[in-house]
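Just below is one structure, and these are the notes that go with it.
The values are calculated or read from the model by the stated rules, or taken from the named source; none is laboratory data. Since we're looking at a predicted model, the values are computed, not measured. Quick reminder, even Gly has a Cβ in these numbers, built from the backbone with ideal geometry, and neighbours come from all protein chains shown.
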Amino acid sequence: MKVFNTVQEIIQWRAQVDSSKIIGFVPTMGCLHEGHRSLIKTAREENDVVVVSIFVNPSQFAPNEDLDNYPRTLINDKAMLEELKVDALFLPTEKEMYPPNGIPLDPSKQIGTFVNVQGISSRLEGKTRPNFFRGVCTIVIKLFNIVRPNLAYFGQKDIQQFIILQKMVDDLFMTTLKLRLMPIIRGDSGLALSSRNNYLSQTSKDHASFISKGLQVAEKLLKENKTVLKADQIQTEVKSLWKKYIDDGEFKIDYISIADFKTLDEVDVFEPTAETNRKVIISTAVYVKDPENPSTIVRLIDNIIV
Ligand code: AMP
């Protein structure tokens with residue numbers, strides 16, 4: 001596997017790839033787990049050349065978020081990428097991606113070019129993380145322009161990210177690129193794998209597995225409803241499954257949303273299942289406090305598409 005640390009080096013390498021080859025790209029922030037593995041494995045199956053990037057992108061972190069503590073496990077990551085027969089790893093520094101000096105976390109001090117998909121970026125995750133998708137879109141389009149892939153792979157784990165990036169690709173007429181959405185990989189307990197799970201003790205991870213169980217309750221209600229159902233009835237059922245953890249302060253809910261798959265508009269009323277084939281996303285963000293280390297609070301997200 002070739003490892004490139006500068007934009008110039010990888011652009012030179014990319015220029016020499018035969019134009020008949022199909023190039024697959026998987027952007028990541030590292031601390032690779034089975035979720036990343038599934039994206040890269042599929043990219044390996046579907047492409048002649050596979051490029052993976054590892055870059056913890058400052059512009060998608062707010063000043064109060066976990067940029068400095070974000071887990072970095074480069075030796076293990078490289079071993080996984082070698083095993084998966086990745087052709088090239090792009091591992092740039094902050095100054096490479098935001099020349100010449102890197103980027104401050106305070107958005108009011110940021111200068112240069114940013115890409116913002118208006119509207120859907122301020123829903124769901126965007127309410128709590130107002131500049132998050134602007135950071136994601138900006139880094140991803142920079143990476144697309146450097147790597148120039150035919151196919152790029154993203155996980156359903158970050159479903160809003162995928163929908164926004166697809167809108168960006170469509171709106172900017174990036175016609176040579178196709179985005180692929182891959183299913184969420186979960187642990188045995190049902191907990192969606194995430195690099196941020198590393199912050200939590202085993203006990204807390206066990207409790208956090210109730211996040212996905214809550215979403216399953218909502219899914220079942222939506223799939224089996226015989227009468228008109230309201231979103232708040234569904235949310236109440238999910239919360240009642242989580243009651244113990246909410247009451248003892250382990251779960252603090254940021255949102256439980258049922259939103260239209262395309263527009264991300266909240267859907268408030270559901271007709272009986274037989275009468276609708278509307279595609280919705282049930283999604284949630286929960287602040288999980290680790291009972292073994294109460295100063296550790298991790299915001300976890302999960303979703304189910306129905
Ligand atoms: P990250 O390193 O967190 O930026 O994630 C890189 C890519 O891996 C994104 O497209 C994520 O959606 C995807 N990903 C992260 N966790 C999972 C998971 N549990 N299952 C599937 N894809 C995932």
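Which of the residues that make up region 51-96 are part of a helix (DSSP H, G or I) and basic (Lys, Arg)? Before the answer, list the steps.
As a first pass, look at region 51-96 and keep what is part of a helix (DSSP H, G or I): 58-60, 74-83, 94-96.
Within region 51-96, 78, 95 qualify.
Scanning region 174-211 for residues that are in a loop (DSSP other than H, G, I, E, B) and more than 18 Å from residue 153 (Cα to Cα) returns 187, 188, 189, 190, 191, 200, 201.
Annotation: residue 1 fulfils all but one of (1) without any contact (Cβ under 8 Å) to a residue 40 or more places away in the chain; (2) surrounded by fewer than 17 Cβ atoms within 10 Å (Cβ to Cβ); the unmet one is (1).
I'd like to know if region 178-187 contains one or more residues that are within 16 Å of the ligand (Cβ to nearest atom), closer than 30 Å to residue 295 by Cβ and among the small types (Gly, Ala, Ser). Break it down into steps so the answer makes sense when it comes.
To start, the set of residues in region 178-187 that are within 16 Å of the ligand (Cβ to nearest atom) comprises 178-187.
Adding the requirement that they be closer than 30 Å to residue 295 by Cβ leaves 184-187.
If we keep only those that are among the small types (Gly, Ala, Ser) too, we end up with 187.
Yes - at least one qualifying residue is present in region 178-187.
Each residue in region 188-212 was checked for being away from the ligand (no atom under 16 Å from the Cβ) and surrounded by fewer than 17 Cβ atoms within 10 Å (Cβ to Cβ), and 4 pass.
Residue pairs whose Cβ atoms lie under 7 Å apart, separated by 6 or more positions or on different chains, with the first residue in region 145-158 and closer than 24 Å to residue 183 by Cα and part of a strand (DSSP E or B) and the second within 14 Å of the ligand (Cβ to nearest atom) and modelled with pLDDT under 95, do not occur.
Residues in region 192-242 that are closer than 18 Å to residue 298 by Cα, of a type in the set (Lys, Arg) and in contact (Cβ under 8 Å) with a residue 40 or more places away in the chain: 196 only. Annotation: residue 42 fulfils all but one of (1) away from the ligand (no atom under 16 Å from the Cβ); (2) in a helix (DSSP H, G or I); (3) not hydrophobic (A, V, I, L, M, F, W, C); the unmet one is (1). Annotation: of all residues in region 224-258 being of a type in the set (Asp, Glu) and modelled with pLDDT of 95 or more, the one that is farthest from residue 203 (Cα to Cα) is 232.
Checked against the criterion of being within 19 Å of residue 161 (Cα to Cα) and in contact with a strand residue (DSSP E or B) (Cβ under 9 Å, 6 or more places away or on another chain), region 1-19 contains not a single residue that satisfies it.
Within region 4-39, the residues that satisfy the criterion of being without any contact (Cβ under 8 Å) to a residue 40 or more places away in the chain and aliphatic (A, V, I, L, M) are 15, 17.
Among the residues of region 262-295, those that are among the polar types (S, T, N, Q) and within 17 Å of residue 209 (Cβ to Cβ) comprise 283, 284.
Filtering 159, 163 for residues that are at pLDDT 95 or above, under 11 Å from the mean Cα position of the chain (by Cα) and within 9 Å of the ligand (Cβ to nearest atom) leaves a single hit, 159. Filtering region 97-113 to residues that are of a type in the set (A, V, I, L, M, F, W, C), in a loop (DSSP other than H, G, I, E, B) and surrounded by 10 or more Cβ atoms within 10 Å (Cβ to Cβ) leaves 103, 105. Residues of region 290-300 that are surrounded by fewer than 21 Cβ atoms within 10 Å (Cβ to Cβ) and touching a residue at least 60 places away in the same chain (Cβ under 8 Å): 290, 291, 292, 293, 296, 298, 299. Of the residues in region 18-39, at least one is touching a Leu at 6+ places or on another chain (Cβ under 6 Å), within 14 Å of the ligand (Cβ to nearest atom) and over 18 Å from residue 194 (Cβ atoms).
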